[in-house]
Structures are given as structure tokens and as C-alpha cells.
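I am attaching a structure below and will ask some questions about it afterwards.
Every number here is computed from the coordinates shown, using simple stated rules; none is lab data. Predicted model only: the values in this text are computed from it and were never measured. A quick note on method: Cβ atoms are made from the backbone with ideal geometry, for glycine too, and the neighbour counts reach across all protein chains shown.
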Amino acid sequence: MSRSVILKTFGVLIVGALIFLPLTLNRYGIYIMSLWAIMTIAAMGLNLTLGYAGQVSLAQGAFVGLGAYTVAIMMSAGFGFWLPLLIAIVITFAVGWLLGYPALRVQHHYLAFVTLAFSTLVFLVFRNEEWLTKGIYGIMGFKRPSAFGVSFQKPIEFYYFTLGALVLASAFMAWLVRSPWGRAFVALRENPVRALSLGVDTRRYTLMAFAIGSAMGGFSGALYAPLVEFVDPTPFTLALSLNLLMMVIVGGSGFFFGPFLGAAIGVLLPEWLRFAHGWYLIIYALFVMILLIKTPTGILGIIENMIAARKTRAASAARAAASAGLDKV
Amino acid sequence: MMNFINLILSGLATGAIYALVAIGFTLLWQTSQTINFAQGEFVMVPAFFVLATLNLGMPLPIALLVGLALSMLVLGVLFKNLLVDPMLRHGVLPLAICTMALSIFLKETVKEVYSAEASPFPSFLPEGNLIFFGANISIQSVSIFVFAICAVLALQAFLARTSTGRQMQATAQNPYVAKLLGVPVERMIMYTFLINAALVALASFLISPVYLAKFSAGETLGLAAFIAAIVGGFNQIRGAIVGGLLLGIVDNLAAAYISTQYRGAVPLFLLIAVILFRPQGLMGRAEERTV
Amino acid sequence: MKLFAATLLVSATFVAPALAQTNAPIKIINVGELSGPGATVGTNFKNSADLAVAEINAKGGILGRKIEIVHFDTQTNPGVARALVQKAIDENPYAIMGPGYSGSVKVSAPLAAQAGIAQVMGGEAAELTQLGFNTLFRTSFGQQSSMPKIAKYIAENLKAKNVAVIWVNNDFGKGGRDMVTKELTARGVKVTADISTEAGQADFAADVVKAKSGNPDAIFIYLNEEESARALRELKRQGVTVPLVGETTLIGQKVIELAGDAANGARGHIGLTVDAPNDNLKAYGKKFQEKYNYIPDHNGIKGYLGVYMIKAATEKMGKVDQKGLPDALKGLTILAAKEPGILMDLTIDKNGDLDRDSFLAFVENGKQVVKETLPKMSK
């Protein structure tokens, strides 16, 4: 069997599992799967900013929060779901664009600090500006959306809704990274000076990478709010940003499917480990550390290396065979 | 006026702790490009080494020494050999993420093995208050400040005056050239990790009587030290000191005169201003090495 | 052979519920804050619930059936709390305990209400029992019953006109601050300084400076135990002499231990503490300390009480009836003379709020001294 056939079979199996497996799960399992889909979208956004464009952001969790709050506030005011969703994406895109400006001035770890400050500020605004966000008490009383007469109220319905959103987001990402923009982002990461000399408008693309990545975070947050049906500041601390960063790195930064794997480890693994009771987070942290030590470029990075190594081996074997053949002549 | 002095003095005491922790942060970054997100937990852990030793019936001075030794072993040697060394070649981020996982690991382990409660921690410093410009200041705060400053001065002297210290500085500035000049770079990096472990242990012993020994005690501290290190320039020990003290004072002044609800954000805005207008930090020099 | 095994498995699943009717253990699931910022709260609750379960099982259980308690960790995240309450409901327990944070309670209460399973929780926010979830029960006073008593004391006994309020800006502190501010204002007392602090804050110099600047006649302090102790020390250092008033978290034994001399003179309203002049409470405190080697706080008492509330209601029904439990809890009065585990006579009202005696206490010479017993509100 050729490699592409294996890959295709594998892909079909995964997609089939994502569609049919949740039918066999209880409501809790379905909820966790929905959460995985939502976090994957947020991690995909961060993967664009970090993995493709090479900009370290510690604010992705804050954008998820911005999206969630926009939807929760507007839905409570009676706007339905779709308009708030759109507004959430627009707002996070705009704020992401603005946050990108420091990225033009400071680089590498300093950029991480600016985004960290932003993240802290956003949390405090959620908590303190009670007139808008209801502060620490949180916003409640909005429903899950419906479309074309189909309600997504039940857990399994909402799961398919988030899965649809994930497919949409993935399709967008797949298009984006293959487009000239995507190639410009990578050029930016690999060598900004060279990219500039090749005529890539690095300013615009840096801002764009930030803005699109942030808007994906906002999109994810807009789905998070109706999943939980409650929004309060506590989930959107720096911890969420760091967690998303971990998902991207562990899955394989700069790989298209990295966030899918990373979110599976960040969201599903702790749940699987719950049988260990009080020790589950210890085991989880240990697992992540060992994983990173063994695969510092992420799971997909290692797989790629393995494939590359195999190809080299195969090639040198072929060369050896060829030269052996030559000897005989 | 008395209130103002009060705020400054207590800010200095807190800032001195930030500085102690931030120096270690800076040292690790300089010599091994390690951003240690578990630095706060590194301050939390030594107190529990001491408490565990005290529970075995040892007197406080012995327990402190045992705590220091265990810190240097676990947070110095083991941290470097098991975690940092294998990951060093793969860039800054994977290692930083790994230290994040380490911080969860340390917190959860202490919570599970010892207790989720805050435990009182014995102070080896005198209690009581001093009158200073009409303001009442606790001897404990003054001692913390003095201890922290002495530790920093000793470290500075060590780095500047001794041959080992100069070799460490050479390693920090350019490991390749240092290696060419015959500096045992590997050993120097190990020394940095040991010094960091000793600094966090000292910070731990100084503040645990006030902060109490608790699994979550490192969270705010780690972040504060991180910020202090950046404000100070990230590659300068004296920057870390200034950054720490400044952060301690600004924290207090912001809470007293600007907003208590936003006290967490005001120092960060200071940080943004510093980075935007002086990207190399308050006391830092422009980084020559590319990351 | 495989078919045989499958048949066995299938029949086992069908037979299991029938078995549950006889004398399988009664399952209680505690969904609590076992990690994250609320870990201390959740761990106290969990440990005490475990203690109560062990006691009850040692004496033969409820109606002859043992209790089995399982703990799920919410990581102090409402989203996770919701997922776990869903998980708990999927496992069809007799009752759910927790969470302790009001936000997590709010997001999970609709699920338990829908399933008709009693939820005995630790949240103190006033609104929780006013949202109309008829399966939700408190294990402590809501802030709507404790704060009026404090405001009354400040306004009438202390005759204070200006008060500074120092509170911790989380779900627990904000609720108390809002409620006490409302009650003080209603009694003509002005809040001259409204000081928000962070959980885990170490340095209270700025907060005390700010509190002093309003020249208050009294300071109301609503922080967790550790922060209370630090605030008391700082107040003493800056020479503040006005009365310091608080709740259980200001004058508990743990605070006194941590704050030393600085705690003397602090006073407040206490619903439940292990230092109350009550033999049952003292016995509980002693048992807890023997088992876990530290002094439980009021969250501990909540967990302990919760299990005994479930026990008392079940015994009243005379059967283990999951759907009947919420109704059995409503309007239930439990006498400590009959059920020492309930610690003090207690009435649960139709909203799930508790009513019982409480105390006014002072700290004198490093000891908590009860000055006055405040009767049940319904009396």
C-alpha cells in the first residue's frame, strides 16, 4: 500500500470517528468533544500567528474571551446568534490588528510580554466593568443557536454544530496557507529580512497574521459561550493563553494538523486521566514534559522527521543498490 | 507624607523579593536561553523542603541548610540535566512550554503530597516594628530588604571579582567565544543553575513567613519576577534589581492612588511603555545574539 | 464463547439497576474545586465530606446502606464544572455535592434541576437560591442572611457613620461586598473607601493607606483566611485602632494563629466555626484535625454538613429515593440532639436556604470569645 493510500484511509477513519463516535458517547463525552472542536479552532488561530508567521502571542485566551463576551452580551440583549458571531469576529480581528502594531516594533520574547500585558488587562476589564460584563457574577440566560429551523440545543446537536464550525475554519485555514498570503507568512517566519527584500510587505502581513489568528480566537470564543451557556471572567486568564500555546507547540507548531492533536492532548487527555483522581494533573504535566523532551518539535514534527529519515534511508539504500549494480558491470 | 513613605518602604521590601527571583530568571536566560515559567514555583518548593525536614524533628538552622541543599539538587542539577539539557537545542519556545508543564507538576505534587492548606513557616528574622521618618515599619520587611540586597551584592562581587565569576560572564555574553578561550562552558552553565536555585531558596525562606507556604504561592510571584526581569532588560542583573524594586513600588502606588481594581494592569502598562520606547529594557543593552 | 460473554455482559447491565434497589452503596458525587485558585476551598469541602461519609459508614450507613462518595475536580473553571455535573448526572447518583464557587453552581444548577437530582452546594452568593432551581440547597448562610446582621451591628452597636470595606475581588468577596454595601447604605452608613484586593495578595500596605484616608469609624474586612491575617498585621503596623469587623473568615482560629497579636480586637458574625461554643462543632474540629492534621475552615463545615443533610432527609423519607430527596430536604428541620452530625439545629427553607443560630464573637488575647448568640431569623 502506498503512503497516500494509508494516509487517506487514516483520514477517512478519523473523520468517520468524529462523526459517528459521539453518537455512542454520553452527554459528558459529547460536551468534551465539543470543547475539543472549539479549542482546536482557537489553537488553529494561534498556529497561524505563531507557527506560520512566527509571532509569539500570549493573548489568544483573551481573544477567546472577547469573542465569548461579545456573543454573550449581545445574545442577552436579544440579538440572536448570527449577528453577534459576526461582530465577535470583526471585533477580535480589529483588536488583533491593533495588537499587531507592537509586533512591528518589538520582536521575539518582548512581543510575548506585550501580549501578556494585554491578556491581563482584558481579564481585568471582564471582571471590573460590571455595567457591561456583569463582572465576576458572569452572564447567564442566553440559549444555544438555531439555524433554518434547526435547533442546536441538545448536546449532540450542538456537537455537530461545532464540528461544522471546525470544518469551516479548517477549510479557511487550508485555503489561506496555500494562498500567496500563507506563503508570505512563512517567508516572514523563516527570514523577515529576505521576505522584505523579495517585496513582501512585512508590515501588512505581520498585522494580518495577528488579526486573522485573533479572529479565529474570537470565533472559537463565540462558540464557547453557547456551549457553556454561561460566561464569566475566570476561564479567560493568562492560563488559557498559555494552555493554547502549549497545544500548538505539543501538536507541532507550523503543521496544519498540529492544533487538532494539540487540543486533543490539552482537552481530552486530562479527562482520560481522571481515573487517577487527585494525581491526574500530575500525570498530565509529566506526560507533557516527557512528550516535549522526546518530541521538541511537536508530535507532527517528529513524524515528519521520521518520514524524512525513512526517505533518506530508502534513497541511500537505492543508491547502494545502484552502486552495487554498477560494481557488477 | 507618612503614608507615602509607608508605601515606598513596603514596596521596596516586596520589590527586593521580586528582584531576587528576577535575577535568577535573568541568569538562566543569559547562559542557557531558558525562560523559566516555573520560577514562581521554584520559590514555593524550598519552603516545603524545609517544612518536611522540620517535621522529621530537625532544628530550624539544619532544616534551612537541608532545604537549600535539596533546592540546589532538585531545582538546580535535576532541572538542568533532565529538562533543560535535552531541550536546549530546539529553541526557546518548547523549553518554555516545558517549564509551564513543570510548574503545574510542582504545584499539583505539593498539593497532593503535602496539603492544599497554607502552612505557617517559621521566621528566622526578628519580629517587631521600627519607627522610620514617623512611619512604622516592620523589622521583617527591613531584614528582607537587607538580605536581598546583600545577596545581590555578593553575587555581583562574585561575578566581577572571582575568576569563576568572570568565566560565567564570558559564557553568558558569548558561549562560543568563551569555549574558544578555554572556559569550561558546560560547568559555568551548571553554576548558573545552582546560583538560581540558591537565590530562589533564599527568597523562599525570606518570604514564606509572610506569604505562608502554600502550593499556589508561586503564581503571582513568578509572574512578577518575569515582569521585573523584562522591565529591567532581561539580560542585566542590575536591570533585574531595578525592575524588581520599581515594580514593588509601582504596585503599591498604583493600588493606593490609581485603582485597586486594576492594580494588576498598571505595572504592565509601565512595562508596555518601557518596551515600546526602550525595546532593550530599562537598564538593558540591545541584545546582540539572535535568538 | 464470545457470544456467551456478551450475553453475560448485557444481562449484567440490565440486572445492575435492580441490584441498586437492594443494598448497593448509595452514590454521592462531589463536584468540587480541587485544583486552581479554589483548591483550598474545594479540598476542605472534600475532606470534610469524606470524614462525614466515613463516620456514617462506620455506624452502618444510611438506612443500612453504605455511602460511596466520588470526587470530580472542576479546576475552578465553570465550563469544566458544567461538564462534570453532566458527567455526574450521567452516572445517576443519589445526590450531587458542590461546587463551592457560585459561578460554577450557577452554570451547573440547571442540569441538576432538569434531572431532578438534589445538589447540595457550597456557594454563598445571594442570588443562587432565588433563581428558581428547586433542587439546589446551601450548606451555609447565604450572604443575604449574614450581611444584614453585620450591617446592623456596625450601624447600631458601633454607631459608625463612615465605613471602609476591604474585600477580595472574586466570586466570594464581591458578593459579600455588594450585599454589605447595600445593607449599610440602607441604614444610613456611608462607605468611604471601597477597596478591592486580589486573591493571594501579600502586601496590604496600599489597601490600609487607602482605608485610613477615608477616616472610617470602622473597617469591614471580607477576605479569605490567609489574606485576612496579612491585612490584620498591616492594619496593626500602620496603627489603625478603629473596630475591625468581619465574618467567619476574619476571626477564625486559623486567622488568629497566622496574625498573632494583630487579631486581637477583631470581631464579627460567625455562622459556623470550629471554635463556636458548641460541643458538636468542637468534636467535629477535633476529628478533622486528627484525620487531616490541620484546622478546617468554614468550607470544611459545609462539606460535613452537606452529607448529614442528605442523611437526615433520607431517613425522614424512610427510603433511598433519588427523586424524592429534593422535596424531603425542603422545609426540613434537623435537631442536633437527634443527629449530632448536623452540629446545630438547622432548618432548610423552601428555597434551599438555611436558617439557624449564629454568633457575634470577638478575638481577645488570641482566643475567639462569643459575646452574643443571634437567634434564627424565623424566630
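Counting only other residues whose beta carbon sits under 11 Å from that of C:Leu223, what net charge do I get with K and R as +1, D and E as -1? Each step should come with its number before you reach the end.
Details: positive: C:Arg177, C:Arg230; negative: C:Glu198, C:Asp207, C:Glu225, C:Glu226, C:Glu227, C:Glu247.
Local charge sum for C:Leu223: -4.
Still on this structure, please answer the following. Cα centroid distance between the stretch C:347-374 and the stretch B:65-93, in Å?
51 Å
What is the sum of charges, Lys and Arg at +1 and Asp and Glu at -1, for the other residues whose Cβ falls under 10 Å from the Cβ of C:Leu184?
Working: positive: C:Lys152, C:Lys182, C:Arg187, C:Lys190; negative: C:Glu183.
Charge balance in the 10 Å sphere: +3.
So what does log10 I(q)/I(0) come out to for the stretch C:135-218 at q = 0.19 Å⁻¹, using the Debye formula with one equal point on every Cα and no solvent?
The calculated log intensity ratios at q = 0.19 Å⁻¹ are -0.87.
Calculate the spin-label point distance for A:Leu198 paired with B:Ile62, positioning each point 7 Å from the Cα along the beta-carbon direction, and give it in nanometres.
6.7 nm
If you count, for every residue in C:252-263, the Cβ atoms of partner chains within 10 Å of its Cβ, what is the mean?
Working: counts 0, 0, 3, 0, 0, 1, 3, 0, 1, 1, 0, 0.
Mean number of neighbouring Cβ atoms from other chains: 1.
Something else about it: For the stretch B:119-169 and the stretch C:237-292, what is the separation of their Cα centres, given in Å?
Cα centroid to Cα centroid, the span is 34 Å.
Given 10 °C and 1.306 mPa s, compute D for the stretch C:208-289 with the Stokes-Einstein relation, Rh being the Kirkwood radius over Cα pairs; round to the nearest whole µm²/s.
Working: Rh = 13.3 Å.
Rounded to a whole number, D works out at 119 µm²/s.
Over the alpha carbons of chain B, what is the largest minus smallest coordinate on each principal axis, giving the biggest first in Å?
Principal axes ranked by extent give 57, 52, 36 Å for the Cα atoms.
Give me C:Arg138, A:Arg319, A:Arg105 sorted ascending by neighbouring Cβ count inside 10 Å, so fewest comes first.
Working: C:Arg138 25, A:Arg319 10, A:Arg105 13.
Exposure proxy ranking, most exposed first: A:Arg319, A:Arg105, C:Arg138.
Find the Cα radius of gyration of the protein assembly as shown, compare it with 2.2 N^0.38 Å by division, and give the number to two decimals. Kindly include the intermediate steps, with their values, before the conclusion.
Working: Rg = 29.4 Å, N = 999, 2.2 N^0.38 = 30.4 Å.
That works out to 0.97 for the protein assembly as shown.
Here is a further query. Taking the simple approach of a point 7 Å from Cα along Cα-to-Cβ for both C:Asn365 and B:Ser119, what is their distance in nm?
If labels sit at C:Asn365 and B:Ser119, their model points lie 3.2 nm apart.
Related question: Over all alpha-carbon pairs in chain C, figure out the percentage whose distance exceeds 37 Å. Walk me through the numbers on the way to the answer.
Numbers: 15553 of 71631 pairs.
Looking at chain C, the distances longer than 37 Å represent 22 percent of pairs.
To make sure I understand, if each residue's beta carbon is the centre and we count other beta carbons within 10 Å, what order do C:Ser145, B:Ser204, B:Ser71, A:Ser316 fall in, fewest to most? Mind dumping the intermediate values first?
Numbers: C:Ser145 22, B:Ser204 32, B:Ser71 27, A:Ser316 10.
Listed from fewest to most nearby Cβ atoms, that is A:Ser316, C:Ser145, B:Ser71, B:Ser204.
Using the Karplus curve 6.51 cos²θ - 1.76 cosθ + 1.60 with θ = phi - 60°, what ³J(HN,Hα) values do you get for each residue of the stretch C:38-51, in whole Hz, with x for Gly and Pro?
Karplus values, whole Hz, x for Gly and Pro: x, 4, 5, 4, x, 5, 4, 4, 4, 4, 5, 4, 4, 4.
In chain B, how many lysine pairs have Cα atoms under 22 Å apart, counting only pairs 8 or more places apart or on different chains?
Values: B:Lys80/B:Lys107; B:Lys80/B:Lys179; B:Lys107/B:Lys214; B:Lys111/B:Lys214.
Step by step, the pairs that qualify in chain B add up to 4.
Something else about it: Looking at chain A as a GNM with Cα springs under 10 Å, which of A:Ala17, A:Ala209, A:Ala37 has the largest mean-square fluctuation?
The residue that fluctuates most here is A:Ala17.
A further question on this structure: Using a cut-off of under 13 Å, list every residue of the stretch B:216-241 whose amide N is near the label point 7 Å from the Cα of B:Ala160 along the Cα-to-beta-carbon line.
B:237-239
Could you work out the equivalent-ellipsoid semi-axes for the stretch A:120-244, taking the square root of 5 times each eigenvalue of the Cα gyration tensor, largest first, in whole Å? Provide the component values of the computation, followed by the final result.
Working: eigenvalues 231, 96, 22 Å².
Working from the Cα gyration tensor, I get semi-axes of 34, 22, 10 Å.
Still on this structure, please answer the following. Taking the Cα-to-Cβ direction at C:Lys350 and at C:Asn215 and moving 7 Å from each Cα, how far apart do the two end points lie in nm?
5.0 nm
Using R₀ = 35 Å, calculate the FRET efficiency as 1/(1 + (r/R₀)^6) where r is the Cβ-Cβ separation of B:Leu180 and A:Lys311; round to 0.05. The partial results should precede the final answer.
Working: r = 37 Å, r/R0 = 1.06.
According to the calculation, E is roughly 0.40.
Where does helix C:102-115 land angle-wise versus the long Cα axis of chain C, in degrees 0 to 90, nearest 10?
30 degrees
Looking at the protein assembly as shown, what % of its DSSP beta bridges pair antiparallel, to the nearest 5? Each step should come with its number before you reach the end.
Working: 25 of 57 bridges.
Percentage antiparallel, nearest 5: 45.
Please list the helices of chain A that count as membrane-span-like by this rule: a mean Kyte-Doolittle hydropathy of at least 0.5 together with Cα atoms stretching 18 Å or more along the helix axis, each helix being a complete DSSP H run.
Values: long enough: A:3-24 (31 Å, 1.80); A:27-46 (29 Å, 1.32); A:60-76 (24 Å, 1.25); A:82-105 (36 Å, 1.69); A:108-128 (31 Å, 1.18); A:155-178 (34 Å, 1.28); A:202-228 (39 Å, 0.77); A:238-251 (20 Å, 2.34); A:280-294 (21 Å, 2.49); A:298-328 (45 Å, 0.33).
In chain A, the long hydrophobic H runs are A:3-24, A:27-46, A:60-76, A:82-105, A:108-128, A:155-178, A:202-228, A:238-251, A:280-294.
In a Gaussian network model over chain B where Cα atoms closer than 10 Å are linked, find which of B:Gly233, B:Gly243, B:Gly264 has the largest mean-square fluctuation.
The residue with the greatest mean-square fluctuation here is B:Gly264.
Whole angstrom only: what separates the Cα centroid of the stretch A:157-202 from the Cα centroid of the stretch A:14-66?
17 Å
How compact is the stretch A:14-240 by the rule of thumb for globular proteins, expressed as Cα Rg over 2.2 N^0.38 Å? Mind showing how you got there, number by number?
On the way: Rg = 17.9 Å, N = 227, 2.2 N^0.38 = 17.3 Å.
Here the Cα radius of gyration is 1.04 times the empirical estimate.
If you don't mind, there's one more thing I want to ask. Per residue and in Å³, how big is the convex hull formed by the alpha-carbon atoms of the stretch B:120-203?
Values: hull volume 10.0 nm³, N = 84.
Normalising the Cα hull of the stretch B:120-203 by residue number yields 119 Å³.
Can you tell me which of A:Ala147, A:Ala77, A:Ala317 moves the most in a GNM of chain A? Springs connect C-alpha atoms under 10 Å apart.
A:Ala317
Which of the listed residues, C:Ala312, C:Ile256, C:Thr192, is farthest toward the dipole's positive end in chain C, when Lys, Arg count +1 and Asp, Glu count -1 at the beta-carbon?
Of the candidates, C:Ala312 comes out farthest on the positive side.
Additional query: Only loop residues by DSSP count here, and only those with at most 14 other Cβ atoms within 10 Å; note down the chymotrypsin sites (Phe, Trp or Tyr not before Pro) in the stretch B:116-188 that meet that. Display every interim value, and only then the final one.
Details: sites: B:Phe124, B:Phe132, B:Phe133, B:Phe145, B:Phe147, B:Phe158, B:Tyr176; in loops: B:Phe124, B:Phe133.
Those satisfying the criteria are B:Phe124, B:Phe133.
Starting with the fewest neighbours, write out C:Ser358, C:Ser213, B:Ser123 ranked by other beta-carbon atoms found within 10 Å of each beta-carbon.
Working: C:Ser358 23, C:Ser213 13, B:Ser123 17.
The order, fewest Cβ neighbours first, is C:Ser213, B:Ser123, C:Ser358.
Would you please state which residues of the stretch A:79-117 a label at A:Lys143 would reach in this model, taking the label point 7 Å out along Cα→Cβ and a backbone N cut-off of under 18 Å?
A:79-85
Compute the whole-percent fraction of alpha carbon pairs in the stretch C:115-266 spaced more than 23 Å apart.
Details: 4123 of 11476 pairs.
So the pairs more than 23 Å apart make up 36 percent of the total in the stretch C:115-266.
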